[in-house]
1. Which one of these does Asp288 not meet: (1) farther than 28 Å from Ala11 by Cα; (2) under 16 Å from the mean Cα position of the chain (by Cα); (3) charged (D, E, K, R)?
2. Taking the stated definitions as given, is Phe92 out of contact with any helix residue (DSSP H, G or I) (no Cβ under 7 Å at 6 or more places or on another chain), surrounded by 15 or more Cβ atoms within 10 Å (Cβ to Cβ) and farther than 22 Å from Lys278 by Cβ?
3. Go through segment 106-131 residue by residue and tally those that are hydroxyl-bearing (Ser, Thr, Tyr), buried (at least 18 other Cβ atoms within 10 Å of the Cβ) and farther than 27 Å from Pro250 by Cβ.
4. Quick one: would you say Glu49 is within 21 Å of Gly287 (Cα to Cα), under 18 Å from the mean Cα position of the chain (by Cα) and either in the same structural domain as Thr304 (by TED's automatic domain parsing) or not polar (S, T, N, Q) (or both)?
5. Looking at (1) among the hydrophobic types (A, V, I, L, M, F, W, C); (2) under 28 Å from Gly370 (Cα atoms); (3) at pLDDT 95 or above, which is the only condition Ala205 fails?
6. Would you check if Val134 is at pLDDT 85 or above, buried (at least 18 other Cβ atoms within 10 Å of the Cβ), at negative phi and not in a helix (DSSP H, G or I)?
Amino acid sequence: MAKVLIIGSGAREHTIAQTFQRSPQVDEVFVAPGNYGMKTDGISPVAIETNDFPALIKFAKDQQIDLTFVGNEAPLVAGAVDAFEAAGLAIFGPNQQAAKLEGSKAFMKKLLADANIPTAKAKTVTSLTDAKVVADEFGYPVVVKTDALAAGKGVSIHQTKVAADEFLTNLYQKEPHAKLVIEEYLEGFEFSIFSLVGKDQVVHAPIAHDYKRRFEADKGPNTGGMGSYSPVVQVSKQNLELALNQLVMPTLDAMKKQGTPFYGVLYTGVMLTKSGPKVIEFNVRFGDPETQVVLPQLQSDFYTLIQGLLNGKLVQPVWQNTDTYLGVVLVNPNYPAPNHQLYPVPSFSDNLVVNYASIKSEANQMMSDGGRVLTTVVHAPTLDLARQKIYSILDQTKMGLAYRNDIGKLN
């Protein structure tokens, strides 16, 4: 029987752990550092931080871990895969060079430009003067992205020149040499593709649509994600094939050609515009909260799938195709602003799957311990039925946590 270690702590990692638990080959799942809520599923949190590679490697060797799976981006960008492979340990994810696809927006944009892969026009700047000039050049609304990792909150959209100038001025006052990527604003429908990339084979999971803004009707600041659903009926099979053939596969080819082949989970954020699909962003790991509605659709063995991808063995995963999965994220009411107030985590109906993110224990009561606290997930034959199901439960649950009421609502 196999032991699996997952690096990360949130609802995404909880979902990954649950998916490994379903494998008859896996008898123990550890998550470092994990969170207290995972214990409810018999998952073992390990008090090691995601960037403490020596301690993680020692734990993996001491426990005779058969497979390590990296959940979040920071350890990948810092070289977790390189460190584990140098220690002779099996780990799934991109190495440090390949992880630059997410770690540097400037790197990603140059790769796409050089390979003629459709994406928003963009320029990289390092001064306030240049940033204002480029923003004016692209017109408004305009998109501003930090070059480095920003935990899903490094993107801002500015509707007017006044708003953009104020934002950029404040930013460069705090960071005089900030590296930014300024992009043209793309209009269309956004969706996410997860591609599991192994040796000579790529597996594409069901696509998802997520909600990044804090409040209903996509108002308020960008967050790490407030909810999602999958599959996505608004994207035709033809448009999905276009996205795979014009965006995803050419990017993997471009990475290989430049000597930085990509292995692991490639997340392609796609905007379906009037002129076809275009890349918005790449992440080098599963997305959160999309993972919570995508991985439960896997009907075959996840452990066998990942081991097959790692070892070059042919894999043939099976995904469900009858239901829609819908996830709603519960957050601290002040999120994404910092807030140190703790809220009790309520008990939920058995009809909900709960993936815990920021949880601690006080006097045997689960309490919130951060911004995004947990994700609740249901599935039903249609998106509308899934919405009815999840909100009938959430709206009757007494709690201090907040959530959006329009996840899955079609305009």
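The values are calculated or read from the model by the stated rules, or taken from the named source; none is laboratory data. A quick note: this is a predicted structure, and the numbers were derived from the prediction, not measured. Here Cβ is always computed from backbone atoms with ideal geometry, including for glycine, and neighbour counts include all displayed protein chains.
1. Just one mismatch for Asp288, condition (1).
2. Details: out of contact with any helix residue (DSSP H, G or I) (no Cβ under 7 Å at 6 or more places or on another chain): no; surrounded by 15 or more Cβ atoms within 10 Å (Cβ to Cβ): yes; farther than 22 Å from Lys278 by Cβ: yes.
Answer is no for this residue.
3. Start the filter on segment 106-131 by keeping residues that are hydroxyl-bearing (Ser, Thr, Tyr), which leaves 119, 124, 126-127, 129.
With the extra rule that they be buried (at least 18 other Cβ atoms within 10 Å of the Cβ), the set shrinks to 119, 124.
Still in the list and also farther than 27 Å from Pro250 by Cβ: none.
The total comes to 0.
4. Numbers: within 21 Å of Gly287 (Cα to Cα): yes; under 18 Å from the mean Cα position of the chain (by Cα): no; either in the same structural domain as Thr304 (by TED's automatic domain parsing) or not polar (S, T, N, Q) (or both): yes.
The answer is no for Glu49.
5. (2)
6. Working: at pLDDT 85 or above: yes; buried (at least 18 other Cβ atoms within 10 Å of the Cβ): yes; at negative phi: yes; not in a helix (DSSP H, G or I): no.
No, not satisfied.
Here's the yes/no breakdown for (1) buried (at least 22 other Cβ atoms within 10 Å of the Cβ); (2) at pLDDT 95 or above; (3) out of contact with any strand residue (DSSP E or B) (no Cβ under 6 Å at 6 or more places or on another chain):
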{"residue": "Glu241", "(1), (2), (3)": "no, yes, yes"}
{"residue": "Asn245", "(1), (2), (3)": "no, yes, yes"}
{"residue": "Phe262", "(1), (2), (3)": "yes, yes, no"}
{"residue": "Lys278", "(1), (2), (3)": "no, yes, no"}
{"residue": "Val293", "(1), (2), (3)": "yes, yes, no"}
